[in-house]
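These notes concern the structure reproduced below.
The values are calculated or read from the model by the stated rules, or taken from the named source; none is laboratory data. Computed from a prediction, not measured in an experiment: that's the story for all the values here. As a convention, Cβ positions derive from the backbone with ideal geometry for all residues, glycine included, and neighbour counts pool all protein chains shown.
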Amino acid sequence: MMGGDRVDVPAGIDPLDPAVAVLVLAAVLGLGSVATVVLRRLVAAPSAGRGGTTVGTAAAPLREARWLADQQVITTERPDRATWILAPAAYLGLAVAALAVVPLSAGVAVADVRTGIVVFGAAEALAIVVIFLHGWSPNSPFALVSAYRFVAVALSYELLSMFVLIAAAIPAGSLSIGAIVDSQAGLWNVVRQPLGLPLWLVVSWGVTFSGPLAVVDSADLAGGGGVEDSGLQRLAWAGARAAMLVVFAAAGAAVFLGGWQGPVLPGGAWMAVKTAAVLVVLVAGDVYLARMSAQRFVRLAWAVLLPLAFLDLLIGGVGSL
Amino acid sequence: MIDIAFVVFSVAAVISGYLVFRVDSMIRASFLLLASFLNVGAVLVLLLAEYLGTALLFMMTVEMVVMALFMVMFMMNPAGLNPMSMVHQPRVAAAAGLVAAAGIWAVALLADFPDAPVVDADQAVRDLGFELLGESMLVFESAGVTLLATMVCAVVLSAARGRFGDGYEGSVAPPLEPGGDHRPDDDLVDDDAGGHHHDHGGR
């Protein structure tokens, strides 16, 4: 597989018919978002009533969504209206684009393109732009501060993401996520490259600005990037963020936990179980881990996590010699 | 279908490229430029340069975030929502633009392009890899190391403190009027949150 030999790239999976693809993507993201809400409730239950963690009734998120949809949308003085309104749509669009390259079961993927991890990485990078613009466009100081602070954090986690994905692609000999799943038939990447999944969790918290990296819509900036959002805008942003969390959990399951592979159960069920498992960890981190200051995270990312990502790359490379 | 997509992406690339010079804010200009690049990336994907196209999307996004946002952060108007002119030296720029456009059109119309459709996209990527790490390795690695050194230097220059302590250590505030006395050092900004506070002896 090394040197100038011709690498046999798997032919890949045929893309789904567009009409089917839309339904599949909507179903995965819709069910996933509901699952996120349910899991969050379960995970947060033990600490209910302590440390500011509140657990409402099961219907509370729905009620809140309905309430938000009813509210008047207020605006600020001279905002950049187009980017402000389009940011949640763009964020959701990027989640959809990223999900499209993740195989959902054996032979089922919306578009398992050969450049899968590059497309996924591009969606992730564009999410930085979208989150920045969402904070920048209301023309409001706290939102702007959160946007800049997020960019500092984002540039630090972005490199980690690329290195762990490339490390996973080396044994597969392909940039396709389907091929990465196939390459884990013998041994999952979580064992073969133990640093990959923990670093991926950091990246996932970063992209969805939750848990230790909740530096965007956070309480320490009076609501930060979302401080001026109201009504439907706030609802759309929260929905898009839940969808992004699901996509990163699914990608983590595919790249590190062997995706749809497993005994007895059909592939799709394994993928759902593994995605839910990653989702539980992500949501638990969101509930239980304290927010890091952006400055401390940047230092940690460049001084500790980035060398660990290099090590992961080395393990991936040496392991496939 | 592909022809329609090609026209749509090309026109969008040209229009967003034009708008870069029509908007009045650094942020808008930067991200319109990014939009233009993204459309070019889509055109590359249509031309079956799948890897180059998607890599362009990825690289240009990260590059615009670094370039645009760092640029704006160091400006006096970090919000970028206040109107400001996005052009300077318009005559020189127009002349340079016309010359460059003439050159590109001349190449497009007069050059004899090889008619070699990509049959094996993987082979194209492989050739690119051998080119980057073979014949052209010295050029690309020199450029890469130079860029890396530039990034490290920019970070070092902008860091408020380093391993030898506060960035303001030993620096003296300039006089308020020409030829005047230097101000006492407690006039200097001390943003060292780690806090080694000097005793200023009741000055």
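Testing residue B:13 on (1) in a helix (DSSP H, G or I); (2) over 30 Å from residue A:175 (Cβ atoms); (3) touching a residue at least 24 places away in the same chain (Cβ under 8 Å), one condition comes back false. Which one is that?
With respect to (1) in a helix (DSSP H, G or I); (2) over 30 Å from residue A:175 (Cβ atoms); (3) touching a residue at least 24 places away in the same chain (Cβ under 8 Å), residue B:13 is out only on (2).
Being of a type outside the set (Gly, Ala, Ser) and either over 20 Å from the mean Cα position of the chain (by Cα) or surrounded by fewer than 22 Cβ atoms within 10 Å (Cβ to Cβ) (or both) narrows it down to one of A:129, A:191, so name that one.
Values: A:129 fails: either over 20 Å from the mean Cα position of the chain (by Cα) or surrounded by fewer than 22 Cβ atoms within 10 Å (Cβ to Cβ) (or both).
After ruling out the rest, the residue left standing is A:191.
Spot the failing condition for residue A:150; the list is (1) under 14 Å from the mean Cα position of the chain (by Cα); (2) within 14 Å of chain B (Cβ to nearest Cβ); (3) crowded, with 22+ Cβ neighbours inside 10 Å, and only one is missed.
(1)
Output the residue which, of all residues in region A:132-147 that are polar (S, T, N, Q) and facing chain B (nearest Cβ under 9 Å), is surrounded by the most Cβ atoms within 10 Å (Cβ to Cβ). Write out each step before concluding.
Kept after step one, since they are polar (S, T, N, Q), are these residues of region A:132-147: A:137, A:139-140, A:146.
Going one step further and asking which of them are facing chain B (nearest Cβ under 9 Å), we end up with A:137, A:139.
Working: A:137: 25, A:139: 19.
Selected residue: A:137.
Would you be able to say whether some residue in region A:81-98 is surrounded by 24 or more Cβ atoms within 10 Å (Cβ to Cβ), outside any loop (DSSP other than H, G, I, E, B) and charged (D, E, K, R)?
No; the residues of region A:81-98 include none that is surrounded by 24 or more Cβ atoms within 10 Å (Cβ to Cβ), outside any loop (DSSP other than H, G, I, E, B) and charged (D, E, K, R).
All but one of (1) at pLDDT 85 or above; (2) within 12 Å of another protein chain (Cβ to nearest Cβ) hold for residue B:78; state the number of the condition that does not hold.
(1)
From the set of residues in region A:265-306 that are closer than 18 Å to residue A:190 by Cα and among the β-branched types (Val, Ile, Thr), which is surrounded by the fewest Cβ atoms within 10 Å (Cβ to Cβ)?
In this case the residue turns out to be A:273.
Here's the yes/no breakdown for (1) modelled with pLDDT of 75 or more; (2) in contact with a helix residue (DSSP H, G or I) (Cβ under 9 Å, 6 or more places away or on another chain):
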position: B:129; (1), (2): yes, no
position: B:134; (1), (2): yes, no
position: B:142; (1), (2): yes, no
position: B:145; (1), (2): yes, no
position: B:158; (1), (2): no, yes
position: B:164; (1), (2): no, no
position: B:171; (1), (2): no, yes
position: B:187; (1), (2): no, no
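Can you name every residue in region B:49-63 that is buried (at least 16 other Cβ atoms within 10 Å of the Cβ) and more than 7 Å from chain A (Cβ to nearest Cβ)?
So the first thing to find is which residues in region B:49-63 are buried (at least 16 other Cβ atoms within 10 Å of the Cβ), and the list is B:49-62.
Passing the criteria: B:49, B:52, B:53, B:56, B:59, B:60.
So which of A:248, A:310 ends up being of a type in the set (Phe, Trp, Tyr) and surrounded by 23 or more Cβ atoms within 10 Å (Cβ to Cβ)?
None of the others qualify; the one that does is A:248.
In contact with a His (Cβ under 8 Å, 6 or more places away or on another chain) and within 13 Å of chain B (Cβ to nearest Cβ): which single residue out of A:111, A:123, A:100, A:87 fits that description?
Values: A:111 fails: in contact with a His (Cβ under 8 Å, 6 or more places away or on another chain); A:123 fails: in contact with a His (Cβ under 8 Å, 6 or more places away or on another chain); A:100 fails: in contact with a His (Cβ under 8 Å, 6 or more places away or on another chain).
Step by step, each of A:111, A:123, A:100, A:87 is checked, and only A:87 is in contact with a His (Cβ under 8 Å, 6 or more places away or on another chain) and within 13 Å of chain B (Cβ to nearest Cβ).
Just wondering, is there one or more residues in region A:142-162 that are at pLDDT 90 or above, more than 20 Å from residue A:91 (Cα to Cα), in a helix (DSSP H, G or I) and aliphatic (A, V, I, L, M)?
Yes, the conditions are met somewhere in region A:142-162.
From the list B:72, B:23, B:62, pick out the single residue that is assigned to a loop (DSSP other than H, G, I, E, B), modelled with pLDDT under 90 and out of contact with any Ser or Thr (no Cβ under 7 Å at 6 or more places or on another chain). Reasoning before the result, please.
Details: B:72 fails: assigned to a loop (DSSP other than H, G, I, E, B); B:62 fails: assigned to a loop (DSSP other than H, G, I, E, B).
Every option except B:23 fails the conditions.
Given the criteria small (Gly, Ala, Ser) and buried (at least 23 other Cβ atoms within 10 Å of the Cβ), does residue A:206 qualify? So that I can check it myself, show each step before the final result.
Numbers: small (Gly, Ala, Ser): yes; buried (at least 23 other Cβ atoms within 10 Å of the Cβ): yes.
So residue A:206 passes the test.
Checking the condition farther than 27 Å from residue B:50 by Cβ and acidic (Asp, Glu), which residue from A:217, A:182 passes? Don't jump to the end; show me each part of the working.
Working: A:182 fails: farther than 27 Å from residue B:50 by Cβ.
Going through A:217, A:182 in turn, the sole match is A:217.
So which of A:183, A:146 is of a type in the set (S, T, N, Q) and under 30 Å from residue A:106 (Cβ atoms)? Lay out the reasoning, then the answer.
Details: A:146 fails: under 30 Å from residue A:106 (Cβ atoms).
Being of a type in the set (S, T, N, Q) and under 30 Å from residue A:106 (Cβ atoms) holds for just one of A:183, A:146, which is A:183.
Checking the structure you have, find out if any residue of region A:170-177 is among the aliphatic types (A, V, I, L, M), in contact (Cβ under 8 Å) with a residue 60 or more places away in the chain and at the interface with chain B (Cβ under 9 Å from one of its Cβ atoms).
Narrowing region A:170-177 to residues among the aliphatic types (A, V, I, L, M): A:170, A:172, A:175, A:177.
Next, from what is left, pick out any that are in contact (Cβ under 8 Å) with a residue 60 or more places away in the chain: A:170, A:175, A:177.
Narrowing the set further to residues that are at the interface with chain B (Cβ under 9 Å from one of its Cβ atoms) leaves A:175.
Yes.
Across region A:244-271, which residue is modelled with the highest pLDDT among those that are touching a strand residue (DSSP E or B) at 6+ places or on another chain (Cβ under 9 Å) and of a type in the set (Gly, Ala, Ser)?
The initial filter retains those residues of region A:244-271 that are touching a strand residue (DSSP E or B) at 6+ places or on another chain (Cβ under 9 Å), namely A:259-260, A:266-271.
Next, from what is left, pick out any that are of a type in the set (Gly, Ala, Ser): A:259, A:267-269.
Numbers: A:259: 85, A:267: 84, A:268: 86, A:269: 90.
Among those that are touching a strand residue (DSSP E or B) at 6+ places or on another chain (Cβ under 9 Å) and of a type in the set (Gly, Ala, Ser), it is A:269.
Inspect all residues belonging to region A:56-64 and state whether any of them is within 15 Å of residue A:237 (Cβ to Cβ) and at pLDDT below 90. Explain how you work it out, then say what you get.
Filtering region A:56-64 for residues within 15 Å of residue A:237 (Cβ to Cβ) gives A:61, A:64.
Then drop every residue that is not at pLDDT below 90, which leaves A:61, A:64.
Yes, region A:56-64 contains a residue that is within 15 Å of residue A:237 (Cβ to Cβ) and at pLDDT below 90.
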